[in-house]
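Chemist: Got a structure here, written out as structure tokens. Questions coming.
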């Protein structure tokens, strides 16, 4: 147990020696390996020197490099323009047979004039290369432009796209996708003529990264655009439909590529983003012609509730605007402290009948019929318990100091209620006319279509 610390220390020493030895091995990577010959003469040194000089004379960038060999040790000196060319000299010299070691004293040149000359030469070479490629580049550009122009011509041809698409908005998307496809095809054709299709991978990668960044930046706009496409395909409502979209009531004027526009019952415009409309709960009142109305009345518990129900059914059934199929319905909803709540329901055709007026008229006539039948609709009553006895009765005198006598008079017989005429409960077309005027004034920018299938 006492030798354990010494073992750990010895392992740490070995590990440190390994770390210190690793850079030395890396630095000697360019030196020749193998056994060293016991014989070496001047002729061998001259052969090695001539061989290395002959090799570097054929390579560009080593014009100012000097080579000297003694006893198989190669000494390199001079200057180069590119620092990366210095380690390549060691690798080259190490491959020559007979080289024992390499002393590399070559440095990077800092002469401004010498460093600028290659730059000028490179620009001149690239200019000559561009001029040589100019005819081919012209042909590639012309071919690519022709392909793109063909796509533009096909996209401008509106008739087939109008037939294929359910509305103008989707047709515009078809044309946009077609133009984009022909633009990509034109670029591919041009690059193929130049034999540079390898650039297409880089372009597509860059376009993907840019598209991803732009998508995050305009996420709300993209979401609204996609919602517009889905709404134009699904068609959850039609022009002039009276809808409730998450509490926003109004008649639909139009559906654009950005928003749904309503006209509320007060004649005000309501503009809702399509992304909100697509995810919202939509209550369409116009989808079905039949619509049920209802109201609740409180009846005196001491009265005949069965008679009240029968009177309500007879009154609702006698109204011209109330449909017989489905028939009216009356039932007891609940019993309160001083009243019994009875609900009255009837159905009407809202395309010919004003819903609000008809409901008010039915309420008026049912209340009048119950009153004539002496079925009371009392106000809420409250009982007060006062400790110490009952309330004192005060007999107040009149102006001549005589007791006041209260005489009950019978209530007048309620007059018979006359139902409103048919034209008085007819549907109000004011909002409908305003919507039609709005649609005619705004032109054809609408994604809604009566011919499109309903959702």
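Chemist: Can you go through 308, 356 and tell me which one is under 47 Å from the mean Cα position of the chain (by Cα) and either touching a residue at least 60 places away in the same chain (Cβ under 8 Å) or not in a loop (DSSP other than H, G, I, E, B) (or both)? Before you say what the answer is, go through the steps one by one.
Modeler: Values: 308 fails: under 47 Å from the mean Cα position of the chain (by Cα).
Testing whether each residue is under 47 Å from the mean Cα position of the chain (by Cα) and either touching a residue at least 60 places away in the same chain (Cβ under 8 Å) or not in a loop (DSSP other than H, G, I, E, B) (or both) leaves just 356.
Chemist: Restricting attention to region 255-305, and to residues there that are farther than 28 Å from residue 361 by Cβ and in a loop (DSSP other than H, G, I, E, B), which single residue is farthest from the chain's Cα centre (by Cα)?
Modeler: Step one: of region 255-305, the residues farther than 28 Å from residue 361 by Cβ are 255-261, 269-282, 302.
Now restrict to residues that are in a loop (DSSP other than H, G, I, E, B): 256-258, 280-281, 302.
Working: 256: 17, 257: 14, 258: 12, 280: 15, 281: 19, 302: 62 Å.
Going through the qualifying residues, I end up with 302.
Chemist: Can you give me the number of residues within region 30-56 that are out of contact with any strand residue (DSSP E or B) (no Cβ under 8 Å at 6 or more places or on another chain) and at pLDDT 85 or above? Spell out the reasoning first.
Modeler: Taking region 30-56 and keeping what is out of contact with any strand residue (DSSP E or B) (no Cβ under 8 Å at 6 or more places or on another chain), we get 33-44, 47, 50-51, 54-55.
Checking the rest, the ones that are also at pLDDT 85 or above come to 47, 50-51, 54-55.
So the count comes out to 5.
Chemist: Now, a different point. For region 39-63, name all the residues that are surrounded by 14 or more Cβ atoms within 10 Å (Cβ to Cβ) and closer than 22 Å to residue 110 by Cβ. If you could, list the steps in order and put the result at the bottom.
Modeler: First pass over region 39-63, keeping only residues surrounded by 14 or more Cβ atoms within 10 Å (Cβ to Cβ): 40, 44-45, 47-49, 51-53, 55-56, 61-62.
Passing the criteria: 56, 61, 62.
Chemist: Under 8 Å between Cβ atoms, at least 6 apart or on separate chains: pull out the pairs that start in region 431-455 with a residue that is farther than 19 Å from residue 236 by Cα and end on any residue that is exposed (fewer than 10 other Cβ atoms within 10 Å of the Cβ) and modelled with pLDDT of 75 or more.
Modeler: So the pair list comes out empty.
Chemist: Next question. Is one or more of the residues making up region 106-115 over 30 Å from residue 258 (Cα atoms), surrounded by 13 or more Cβ atoms within 10 Å (Cβ to Cβ), at pLDDT 85 or above and in contact with a strand residue (DSSP E or B) (Cβ under 7 Å, 6 or more places away or on another chain)?
Modeler: yes
Chemist: Among the residues of region 230-246, write down those that are assigned to a helix (DSSP H, G or I) and surrounded by fewer than 18 Cβ atoms within 10 Å (Cβ to Cβ).
Modeler: Quick first cut of region 230-246, residues assigned to a helix (DSSP H, G or I) only: 230-234.
230, 233, 234 - these are the residues of region 230-246 that are assigned to a helix (DSSP H, G or I) and surrounded by fewer than 18 Cβ atoms within 10 Å (Cβ to Cβ).
Chemist: When you check residue 81 against the structure, is it modelled with pLDDT under 85 and buried (at least 17 other Cβ atoms within 10 Å of the Cβ), yes or no? Can you show your working first?
Modeler: Numbers: modelled with pLDDT under 85: yes; buried (at least 17 other Cβ atoms within 10 Å of the Cβ): yes.
So residue 81 fits the description; yes.
Chemist: Of the conditions (1) within 14 Å of residue 297 (Cβ to Cβ); (2) part of a helix (DSSP H, G or I), residue 314 clears all except one; give me its number.
Modeler: (1)
Chemist: Which residue, of 249, 255, 263, is outside the structural domain of residue 174 (by TED's automatic domain parsing), at pLDDT 90 or above, within 23 Å of residue 438 (Cβ to Cβ) and in contact with a helix residue (DSSP H, G or I) (Cβ under 7 Å, 6 or more places away or on another chain)? Even if it seems obvious, please write down each step before you answer.
Modeler: Details: 249 fails: in contact with a helix residue (DSSP H, G or I) (Cβ under 7 Å, 6 or more places away or on another chain); 255 fails: at pLDDT 90 or above.
Among 249, 255, 263, only 263 is outside the structural domain of residue 174 (by TED's automatic domain parsing), at pLDDT 90 or above, within 23 Å of residue 438 (Cβ to Cβ) and in contact with a helix residue (DSSP H, G or I) (Cβ under 7 Å, 6 or more places away or on another chain).
The values are calculated or read from the model by the stated rules, or taken from the named source; none is laboratory data. Everything numeric in this text was worked out from a predicted model, so none of it was measured. Here the Cβ is made from the backbone with ideal geometry for all residues, glycine too, and neighbour counts use every protein chain on show.
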